[in-house]
1. Using modelled backbone amide H atoms (1.01 Å from N, in-plane), which distant-in-sequence or interchain residues come within less than 5 Å of B:Ala17's amide H?
2. In region B:50-85, which residues become less accessible by 20 Å² or more once every protein chain is in place, relative to the chain on its own, using a 1.4 Å probe?
3. Using Cα-Cα distances under 8 Å and only pairs 6 or more residues apart, what relative contact order does chain A have, in percent?
4. Using only protein heavy atoms and a 1.4 Å probe, how much accessible area in total is buried between A and B, to the nearest 100 Å²?
5. For B:Glu80 and B:Lys65 in one chain, what is 0.36 nm times their gap in residues minus the Cα-Cα distance, to one decimal in nm?
6. Determine the alpha carbon to alpha carbon distance for each of B:Lys9/B:Lys65; A:Lys57/B:Lys22; B:Lys15/B:Lys73 and list only those over 20 Å.
7. Calculate what fraction, in whole %, of the accessible area of region A:7-49 sits on carbon and sulfur atoms when a 1.4 Å probe is rolled over the protein chains.
8. Starting from the 7 Å offset along Cα-to-Cβ, what nm value, one decimal, do you get for the label separation of A:Ser67 and A:Leu115?
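The values are calculated or read from the model by the stated rules, or taken from the named source; none is laboratory data. Keep in mind it's a predicted model, so treat the numbers as computed, not measured. Please note: Cβ atoms are built from the backbone with ideal geometry, for glycine as well, and neighbour counts cover all protein chains shown. With ligands, DNA and RNA removed, areas are computed over all heavy atoms of the protein, side chains included. Shrake-Rupley method; radii C 1.70, N 1.55, O 1.52, S 1.80 Å.
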Amino acid sequence: NAGVTQTPKFRVLKTGQSMTLLCAQDMNHEYMYWYRQDPGMGLRLIHYSVGEGTTAKGEVPDGYNVSRLKKQNFLLGLESAAPSQTSVYFCASSYSVGALGETQYFGPGTRLLVL
Amino acid sequence: AQRVTQPEKLLSVFKGAPVELKCNYSYSGSPELFWYVQYSRQRLQLLLRHISRESIKGFTADLNKGETSFHLKKPFAQEEDSAMYYCAPPDQTGANNLFFGTGTRLTVIP
């Protein structure tokens, strides 16, 4: 049981390049999330998904796209990377929401540097 | 719009001293609040949640509706408590989304 895994762990991009970050979970969770973590900003939600085939925008969605073709995978895409997207990206997953909220389980993070 | 405030970005205490990490929220309704922790080179993980009223690793957090606070406390800090701590109330605009505070980095000095 690997929990939540992220690929790659680290990547350097040039401005304008594209890439896809992969998140996988083996806990059969319905909900998945992508966050970015920046110094002094905490974690901010980029996009999330409440089930296979569905996605929704979070707090900072601009410049990113996501897809949830399979329940266990949640992909985050950068079509044209910008230096402002230099950050650490975290994926998380949780069971479908209970009445009072469910624990989120996080991946180890992907460190992205855009030059 | 709800928001959560963690007023201290950095907090240093000596080993054995009490520690309190502050969290204030503006929230309508009865909040379910969480504290998440990120130790060095480890992934973010749940520390405790208000509803469970547990004490995890000696930490407790009391919801004070009058002060709209959910401060995290521990009577005697340990070196292994050094980490980044995030207060997180639910984001009412999204299913099970959390609205993370900016975090407090706790350093316990030996």
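1. B:Ala77
2. B:Ile51
3. Details: 301 pairs, mean separation 40.5, N = 115.
That works out to 35 percent.
4. Values: alone 6220 and 6420 Å², together 10790 Å².
That pair of chains buries around 1900 Å² in total.
5. Working: separation 15, 0.36 × 15 = 5.40 nm, distance 3.04 nm.
Here the segment from B:Glu80 to B:Lys65 would lengthen by 2.4 nm.
6. Working: B:Lys9/B:Lys65 23 Å; A:Lys57/B:Lys22 29 Å; B:Lys15/B:Lys73 14 Å.
In this structure, B:Lys9/B:Lys65; A:Lys57/B:Lys22 lie more than 20 Å apart at Cα.
7. Working: 1030 of 1910 Å².
Answer for region A:7-49 is 54 percent, counting heavy atoms of protein chains only.
8. If labels sit at A:Ser67 and A:Leu115, their model points lie 2.9 nm apart.
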